[in-house]
Amino acid sequence: MEIDFVSKFDYLLILLPEVVLSAAALVLLLGDVFQRGQESSQSADWVGLTAAGSVLAAAAANGFLLTLEVTSGAPMIAADAFRVTANFIFLGATFFGLLFSFDWLEREGLDKGEFYVLVLLATVGMMVLGAARDLIVVFLSLELMSIAVYVLTAFQRSDPRSSEAGLKYFLIGAFASAFLLFGIAFLYGATGTTNLARVVPRVAEAAADGNVLLYLGTGLLLVGFGFKISAVPFHMWTPDAYEGAPTPVTGYMAAGVKAAAFAALLRVLTVELMPAADAWQVALWWVAVLTMVLPNLVALAQDDVKRMLAYSSVAHAGYLLVGVVSANALGRSAALFYLAVYTLMTLGSFAVVYHVAGKGDRRRHLSDFAGLGWRRPLLGVAMVIFLLSLAGFPPTGGFVGKLYLLRAAVDAGQVGLAVTLVLTSLVAYYYYLRVVWKMYFEEAPEEAPSPGRPGPSFRFSAAVCAAGILLLGLLPGTGIDAADRAGRSLTDRPTVESPAAGATTAGLDGPGATPASPSSESDGPSD
Amino acid sequence: MESFYSSHWILSVLLALPLLGAVACQMAPERKAGQVALWVTVLEFALSVPLFFTFETGTAAFQSFGAVPWIEAWGIQYAVGVDGISLLLVLLTTLTMPLAVASSFRYVDRHQKAYYTLLLLLQTGMLGVFTALDLFLFYVFWEVMLIPMYFLIGIWGGERRIYSAIKFFLFTAVGSLLMLVAIAGLVYLYYQQTGAVSFAYRDLVQLQIARGTQFWLFGAFALAFAIKVPLFPLHTWLPDAHVEAPTAGSVILAGVLLKTGIYGFLRFGLPFFSHAATHPAVVGTFLTLGLVGILYAAWVAAVQPDVKSLIAYTSIAHLGFVVLGIFALNPQGMEGGILQMVNHGLSTGALFLLVGMIYERRHTRLIEEFGGLARVMPFFAFSFVVVALSSIGLPATNGFVGEFLILLGTFRSHPVVATLAATGVIFAAYYMLPMVQRVVLNPLEKEENEELEDLDARERAIIVPLLALILLIGVYPNPFLDRTSASAGDLIRRVEERSQAAPLGAATGRAELAFDGVAVLPDDGDGGEGPGMTGPVSVETGE
């Protein structure tokens, strides 16, 4: 179907998944109020199930986006394969995040409609962020996502740790947003536009002139994004916020929020700001190295499994940055593929942690995992799969993702980054394996309470996550093809031609045409 | 039948059967899991034996070869095959596994299902390493092999099992990760030269790699393999892992796992990076380290109070010999090295099994606790002496054939090294014979030892096949050597040709890997000396 923005209906079509999800959020908000009436009681089962169902509907709408073809205009929202693939990752994170949280909400007596509404709205923010081709839209969607997640972080009102985490996250998040906004303003000053499709030639011009505003703007933009993806040295909030937040929210946050920020970063930095690569590539190189080294070392010293996983998720941002710094098509595809696997393993591992921790989130120490593998064999096997994948061990998706990133780095001539990646992974082996050895090599103390059998939604999503990880490890062909298509679709425009990307795209012999990509750069109605 | 064994199906079945067996183990009742595993491994062995007879001698081509596209976007295949280098190792694996399973029946009394499942997964991993002919596939098996072993040591091991398991895992992982970067580099070079992405062995082995780059890539591969061998000074994980592992774990570690390192050199290190691997400095380093390993391990072994750790150190010495044979870079040394890998698997495997048997009776492995066992356990004593002699390398046992060929080959290219290594054989007698004497001979002084029962039917069934093979290879090694000679000779020829044909570097317009920041010299000085020096290497190593 062709989209030319002559009819107003086209705007709805191109935003269909976001529209579906926002509508569902509003309906749930109202419906929940009516079914609960005056009392502050639990929501009915159907509220949660509707929320999960609406995510599936949004995923279907997202698939429909592939049939669209934008024929004119430089819209603020992209409709390329990259957006669709990224959307599937966000929706996956949301779907499993919701299913994993059912048990927890019931256990903590927090089963309120607001939770689902906030999650859905945050997801809308993520999806728009992944699609934004205008810096103003980047800012708006980032705020939509972040504000919802601030509230989710503080959702467990009875727990001071949760409130503290929410406040911390909010303050630093607001700080980061200010940086981002400053950066956008400077970029506007340098180029005279916020539309990314038009910004490219002007960035090239400005870079050639040595425009200070461009460098300042890019730098501030990097700082803003650095906070959101929790890259060192902007990561200070992450361990505290991740540790204090309710664990299912942590999983959702670590997976979804990071994926969305990375999707935007890939689009803005490695495509639109590519002409100014010398402004950011070296800086980001150091950020990537630090983000791989530091959190991995700190994680070694953590005895709280949740906090350890929080540091490990910072380290994973470092691995993902390798794909960004490589700045070639392979790097973009690799980062996207890794994000997909990362989502599954992060959600899964945090879910196991909250299940073991029990009511009030108290038993999170390493020793609380002793003998878990023998007491709950299936939960143990699932956790081993999640941890091996986080460590990047075959035959899991984490391994294929790491190899993907390594190939991107080597192709871009960044052998130093590749070596840093593997050496820091080695450090990570130790703390992931420590959990495994607690789970299997030690017997549980007699008096320790055994974690109960998880509920059906938990079992279902843990099984799907584990199976997905193994599938992406053993038969990654489909995933790689999709990631390749998405990575290429970002640069499939005549005006944007980065030399590095051009060289590598030719070599990946995937199926030829990209399904949906804006093909025209003529002036359109937006602006 | 014939076509089954000449197609990849035999190898695919060998790879898949243990996986199915693992599933069966999970479904079997706790007490029956061992039986299931035994039947699976025996069937596996029975299936693999005809491979030895259908294997065509006189050709270095891969046999039972098959390749199926797997991840097409990256040119990754499921490709398997055997040649003279891997055939004996495949058979050694299928032989070792039923013995390892049978030896566990008494020792393993908890979590039996998990134990036998892991053993079977380990078997698939090891067979995969020896048969995979695609670098992605190889790497997956190479790493997957670690996980079951980690659990086997960590769950069913001795006192310091957690320390040993982690140490084993981390040590072996260091090298593997750098190898992964090198694999990505190889794939990139192949892409630069041909415009296609491939992980297939036959594609990458033909890659022309600039000489300077070869050293980096060879270094990454060699580190992974040298840790696994283990080559001095990277060996420290081995005594810990061996001593703490359950008997079956030690047997598999010594019998099969250590060979994956040597196999990696033969299959990848030498043919891929021929120039780097035959560079006098590299050859000298490996010969020196091999030699140091032989002598050092012998001295350390001599003072071990624990039988098991003594045997663990002998492993280092034996593998040192194998390294000498390989880096002698001539057919005798190469064939001897390959045969000696099998020999070491048989005799050290048997030693660990025997030690496991007395440990189950006495719950100690200290040499001083025994003495005079020949009186109460005559069959055990007989086996122990035969196996120990084969480990020393006495004529008429398999060890003699292997070590003799290795020393012959080494002497041809490096006489001084060979002479020093020969003293290692004397040291072997020095640490092995006193131990044998103190365990099975000497007067029977300890009361606890008076009631010991001799090996029962199960234990004899485990040991007899190994004894038979030890003597068979000792007196009639030809069937084994015939099957390796063509591949060994071909490998030597190819390495010599390719080491001279390797492009000099950027000057010739060949692909070059950019190591960012680090300036890679495309030609580190030996270009001026001409290709002559990379022929049959004839330099003394720096002692």
**Fill in**
B:Leu133 vs (1) over 18 Å from the mean Cα position of the chain (by Cα); (2) modelled with pLDDT of 90 or more; (3) more than 8 Å from chain A (Cβ to nearest Cβ); (4) under 27 Å from B:Leu346 (Cα atoms): all pass except (1)
**Asked** What are the residues in the range B:159-194 that are open to solvent by 30 Å² or more (accessible area, probe 1.4 Å), touching an Asp or Glu at 6+ places or on another chain (Cβ under 9 Å) and over 18 Å from A:Ala409 (Cα atoms), if any?
**Response** B:Glu159, B:Arg160, B:Arg161, B:Ile162, B:Tyr163, B:Lys167, B:Thr194
**Asked** Taking helices (runs of 4 or more DSSP H) that do not extend beyond the range B:1-82, which have at least 2 residues that are in contact with a helix residue (DSSP H, G or I) (Cβ under 8 Å, 6 or more places away or on another chain) and under 26 Å from B:Ala100 (Cβ atoms)?
**Response** B:9-27, B:33-54
**Request:** Would you mind finding the one in B:Leu466, B:Leu366, B:Leu405 that is in contact (Cβ under 8 Å) with a residue 40 or more places away in the chain, surrounded by 22 or more Cβ atoms within 10 Å (Cβ to Cβ) and farther than 21 Å from B:Val323 by Cβ?
**Result:** B:Leu466
**Condition check for B:Phe404: in a helix (DSSP H, G or I) and closer than 24 Å to B:Ala297 by Cβ** = yes
**Asked** Which residue, of A:Val282, A:Val314, A:Val298, A:Val249, is over 26 Å from A:Val203 (Cβ atoms) and open to solvent by 10 Å² or more (accessible area, probe 1.4 Å)?
**Response** A:Val298
**Request:** For B:Leu127, indicate whether it is surrounded by 23 or more Cβ atoms within 10 Å (Cβ to Cβ), within 21 Å of B:Pro69 (Cα to Cα) and within 11 Å of chain A (Cβ to nearest Cβ).
**Result:** no
**Request:** Run down B:Tyr139, B:Tyr150 and say which single residue is within 12 Å of chain A (Cβ to nearest Cβ), out of contact with any Cys (no Cβ under 9 Å at 6 or more places or on another chain), free of Cβ contacts under 8 Å to residues at least 24 places away in the same chain and assigned to a helix (DSSP H, G or I).
**Result:** B:Tyr150
**Asked** Which condition does A:Gly413 not pass, out of (1) closer than 24 Å to B:Gln192 by Cα; (2) at the interface with chain B (Cβ under 10 Å from one of its Cβ atoms); (3) in contact (Cβ under 8 Å) with a residue 24 or more places away in the chain, if it passes all the others?
**Response** (3)
**Verdict on B:Leu354 being open to solvent by less than 10 Å² (accessible area, probe 1.4 Å), in a helix (DSSP H, G or I) and more than 25 Å from B:Val416 (Cβ to Cβ)** = yes
**Message:** Can you tell me which of (1) surrounded by fewer than 19 Cβ atoms within 10 Å (Cβ to Cβ); (2) touching a residue at least 60 places away in the same chain (Cβ under 8 Å); (3) under 20 Å from the mean Cα position of the chain (by Cα) is the one A:Ser177 doesn't meet?
**Reply:** (2)
**Message:** With under 18 Å from the mean Cα position of the chain (by Cα), crowded, with 24+ Cβ neighbours inside 10 Å and under 20 Å from B:Ser487 (Cα atoms) as the only criterion, which of B:Val322, B:Val342 stands out?
**Reply:** B:Val322
**Request:** Scan (1) under 27 Å from A:Thr478 (Cβ atoms); (2) buried (at least 21 other Cβ atoms within 10 Å of the Cβ) for the single condition B:Ala67 breaks and write down its number.
**Result:** (2)
**Prompt:** So how many residues does the range A:365-384 have that are within 24 Å of the chain's Cα centre (by Cα) and either open to solvent by less than 10 Å² (accessible area, probe 1.4 Å) or more than 11 Å from chain B (Cβ to nearest Cβ) (or both)?
**Reply:** 2
**Asked** On the given criteria, is A:Thr193 at pLDDT below 85 and buried (at least 23 other Cβ atoms within 10 Å of the Cβ)?
**Response** no
**Prompt:** Is it the case that B:Trp39 is open to solvent by 20 Å² or more (accessible area, probe 1.4 Å), within 14 Å of chain A (Cβ to nearest Cβ) and hydrophobic (A, V, I, L, M, F, W, C)?
**Reply:** no
**Set B:Val108, B:Val80, B:Val90: member being within 17 Å of B:Tyr150 (Cα to Cα), away from chain A (no Cβ under 14 Å) and open to solvent by less than 10 Å² (accessible area, probe 1.4 Å)** = B:Val108
**Asked** Can you tell me which residues in the range B:1-33 are among the hydrophobic types (A, V, I, L, M, F, W, C) and open to solvent by less than 30 Å² (accessible area, probe 1.4 Å)?
**Response** B:Ile10, B:Leu11, B:Leu14, B:Leu15, B:Ala22, B:Cys25, B:Ala28, B:Ala33
**Complete:** Flagged in the range A:424-457 as open to solvent by 10 Å² or more (accessible area, probe 1.4 Å), closer than 30 Å to A:Ala483 by Cβ, aliphatic (A, V, I, L, M) and more than 7 Å from chain B (Cβ to nearest Cβ), in numbering order, are A:Val427
**Message:** Can you tell me which of (1) open to solvent by 10 Å² or more (accessible area, probe 1.4 Å); (2) touching a Gly at 6+ places or on another chain (Cβ under 9 Å); (3) within 8 Å of chain A (Cβ to nearest Cβ) is the one B:Thr117 doesn't meet?
**Reply:** (3)
**Message:** Could you check the range B:180-202 and list, in sequence order, the residues that are at the interface with chain A (Cβ under 9 Å from one of its Cβ atoms) and among the aliphatic types (A, V, I, L, M)?
**Reply:** B:Leu180, B:Val181, B:Ile183, B:Ala184, B:Val187, B:Ala196, B:Val197
**Asked** Quick one: would you say A:Asp278 is among the charged types (D, E, K, R), touching a residue at least 12 places away in the same chain (Cβ under 8 Å) and within 22 Å of A:Asp368 (Cα to Cα)?
**Response** no
**Prompt:** Can you spot a residue in the range B:231-249 that is within 16 Å of B:Ala421 (Cβ to Cβ) and either without any contact (Cβ under 8 Å) to a residue 12 or more places away in the chain or in contact with a helix residue (DSSP H, G or I) (Cβ under 6 Å, 6 or more places away or on another chain) (or both)?
**Reply:** yes
**Request:** Assess whether B:Val205 counts as being more than 7 Å from chain A (Cβ to nearest Cβ), farther than 30 Å from A:Glu443 by Cβ and either open to solvent by 10 Å² or more (accessible area, probe 1.4 Å) or of a type outside the set (A, V, I, L, M, F, W, C) (or both).
**Result:** yes
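The values are calculated or read from the model by the stated rules, or taken from the named source; none is laboratory data. Predicted, not measured: the structure shown is a model, and the values here were computed from it. Cβ atoms come from the backbone with ideal geometry, glycine included; neighbour counts cover every protein chain shown. Note: areas computed on protein heavy atoms with side chains; ligands, DNA, RNA excluded. Shrake-Rupley method; radii C 1.70, N 1.55, O 1.52, S 1.80 Å.
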